[in-house]
Every structure is written in structure tokens, then in C-alpha cells.
Amino acid sequence: MTSTAFRAMGTNVYMEIPDADVSDCVQSEILETAVDEMAKLESLLTRFIADSELNRLNNSAGRWTDIDPHLYKILQLAKDFFVKTRGLFNPCLGTIMNGLGYDVSFEHITTNKNNPIFEIPYVAQMHCPFNLRMNENKCQAFLEPGHRIDLGGIAKGWIVQQVAAKMRSLGAKQFVCNAGGDLICSGCNGRRPWVIGITDPFDPKRNIILLDIRNLSIATSGTYKRTWNNQGKVVHHIIDPFLGTPVESDIVSCSVVHKDLVTAEVQAKVALLMGTDTAVPWLERQDCAGWVLVKQNRLVVKSCNLSTNNNVSHSSIRV
């Protein structure tokens, strides 16, 4: 078994390869390549690096701009999810995020921010696909003035998926890639499934449930980790796209198990935005392999199709 742990995308990243069919030397080479791939993609898609491809587009609002093919792909995906979720997933909230004080990577946010939540009366962005126009033939995008793209609700999962594809192309069949709760479990952990622990948001040192995962992805969205003070109020990074303010939901944490990590990431965020009464029937209609909700009253609600693990002696990877 070979593993690596490091910081990327503002979170802790852990990768592990247990595959006995791959030598330790090859495992190390695969992980080194995976780390480099993650750094390369982050540098393109983050809004926290001044000269990133995303910021170049944000700073070119009002004119057609040539963009990197990777950025084009994820922007198209984000637009598609905007339509599928009827605007609950909205990548055009960068201006709101900056206004809340989330204008730097989270670990660099100061304890108290004095940014106004928004400088002008907020108008719900009901037509994000039209605020962001794209030309596939020329690999160009046009962002309407006044708007900024924030890919925080999709980029991490998308990058992990690209890194996982790279690892598979290099010969890794069994591995886990976990970026702050957005993870891909490829194959098994040797001869047994990967054991994934869902973190208790009220006691981060314990798990609320252990899941047996094979060849699936998990994404977790929560309001309990990334919080800070702004204008004397505690705020977080999950924004209600119709109000332009941090969402007030009875769900503290939502984890979704899915074959596709990006879809899991979007479904987890949308479910949290909805609140329990709407989220549960909505999730039951989705194509996910299972889900776990933790409510403000500490009640845990989960789908019945999850493969759980009650063996607390097993070491687990936490999300």
C-alpha cells in the first residue's frame, strides 16, 4: 500500500493505492503524477489565484474570451446542472461570495470581515445560462458584466474525477482519492470494500455511520465547516441562489453516494438547500446509490439502500 496526504483546493487531500498488482515504485509514480495533475487543474479553475483561467474570464466580462478547454468543459457542465436543478445549482454567484468576504482561499479568511453581503439590491439570477454564453467551435465564453463565476460547488469533484481517470490510465485499478469529503473509491481496498465514515458535524472526531463502498463516489455538502464572521454575523459558503444570502436549512450535512462524483456533489448541495421535507422525496427520485442527511436537531436520515458497516474496529476514510 502506498499513500500520500497534502493540501490542495483549500482542503486536505488523501490518496491511497492498495493494489498488489502494481509495485510500490509504480504506485509512488502514479501518486506523484496525480498530485501534479490536481495542482495543474486547480491552477486553471480556482478564483483564488489571480492569473487563473477562471479569473481571466471573470475579469473579461463583457467580451468574448478564449478559454482553456478544461474550463470550457466544466462551465458547460455547470450550465447543464443549472438547468437540471432549476437554478438551485448556480455557478454565477461569484460576486455574492466576494461580497460575503469569501474572496480568498478559506484558510486565509480573517476572523471578522466587514464586507457588505451585496452592494446593490439582489436580483435572483434566474437565467444564468444566458449570463454565460459559450461558443464551442472557438472555445470561447462571454460573461455578462456584473457577474463572476464561482465553481466551488463543482470544481473539486470534477478535478478529483480527472485525477482518478489519470490514475486509471497509469495502471491503478484500486485506489481512493479523497479531497475534503469529495472522494472516489475505485475498486476495493484489497479484498474488501472501502470503509467510509460520514463525519458527525456536531462532533467531528466521530462518525455517524460507516459505509461499505465499491466503485462509487461520495460527496458531502455542509454548513458547519466553512464559517466566518461578516458584519457581526456568522456566515457560511452555501448560498441560497434566490435570496443571495447563506441558506437557512434544517439540514447541516448531506452526503450523496453516486457513480459520478460531480453529480453527487451537485445533488448533495441542492438537497441541503431544499431542506428535509423537500430534499428526501427529491433524492428518492434521483439516480444516486444512497444518501445521508444530518439535521439541525442531530437526527440522521438515510436511504435504505446503503451498505453499512458496523465493525468499528475497521479503519475508515472520513468525509
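Computed quantities for the displayed model
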{"item": "Boolean, residue 106 is modelled with pLDDT of 55 or more and either surrounded by fewer than 18 Cβ atoms within 10 Å (Cβ to Cβ) or not assigned by TED's automatic domain parsing to the domain that holds residue 219 (or both)", "result": "no"}
{"item": "Subset tally (residues that are assigned to a loop (DSSP other than H, G, I, E, B) and either modelled with pLDDT under 85 or at negative phi (or both)) for the stretch 206-250", "result": "17"}
{"item": "Hits in the stretch 134-153 (condition: surrounded by 20 or more Cβ atoms within 10 Å (Cβ to Cβ) and at pLDDT 95 or above)", "result": "141"}
{"item": "Flag for residue 16 being of a type in the set (Asp, Glu), closer than 30 Å to residue 318 by Cβ, assigned by TED's automatic domain parsing to the domain that holds residue 170 and in a strand (DSSP E or B)", "result": "yes"}
{"item": "The stretch 9-30 - residue that is at pLDDT 95 or above and within 21 Å of the chain's Cα centre (by Cα) and, of those, farthest from residue 66 (Cα to Cα)", "result": "16"}
{"item": "Scope the stretch 5-26; condition surrounded by 15 or more Cβ atoms within 10 Å (Cβ to Cβ) and closer than 22 Å to residue 196 by Cα; matching residues", "result": "8, 9, 10, 11, 13, 14, 15, 16, 17, 18, 19"}
{"item": "Qualifying residue in the stretch 42-60 (condition: within 14 Å of residue 140 (Cα to Cα), under 18 Å from the mean Cα position of the chain (by Cα) and not assigned by TED's automatic domain parsing to the domain that holds residue 242)", "result": "yes"}
{"item": "Output for the stretch 63-89, where each listed residue is in a helix (DSSP H, G or I) and of a type in the set (A, V, I, L, M)", "result": "71, 74, 75, 77, 78, 83"}
{"item": "Within the stretch 181-205, considering residues that are assigned to a loop (DSSP other than H, G, I, E, B) and hydrophobic (A, V, I, L, M, F, W, C), the one farthest from residue 258 (Cα to Cα)", "result": "202"}
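Conditions (1) modelled with pLDDT under 95; (2) over 27 Å from residue 13 (Cβ atoms), marked per residue:
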{"position": "264", "(1), (2)": "no, no"}
{"position": "292", "(1), (2)": "no, no"}
{"position": "304", "(1), (2)": "yes, yes"}
{"position": "311", "(1), (2)": "yes, no"}
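Yes or no, residue by residue, for (1) closer than 17 Å to residue 3 by Cβ; (2) among the charged types (D, E, K, R); (3) not assigned by TED's automatic domain parsing to the domain that holds residue 319:
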{"position": "133", "(1), (2), (3)": "no, yes, yes"}
{"position": "157", "(1), (2), (3)": "no, no, yes"}
{"position": "165", "(1), (2), (3)": "no, no, yes"}
{"position": "170", "(1), (2), (3)": "yes, no, yes"}
{"position": "176", "(1), (2), (3)": "yes, no, yes"}
{"position": "179", "(1), (2), (3)": "yes, no, yes"}
{"position": "182", "(1), (2), (3)": "no, yes, yes"}
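The values are calculated or read from the model by the stated rules, or taken from the named source; none is laboratory data. Given the structure is predicted, the values throughout are model-derived calculations rather than measurements. Backbone-built Cβ (ideal geometry, glycine too); neighbour counts: all protein chains shown.
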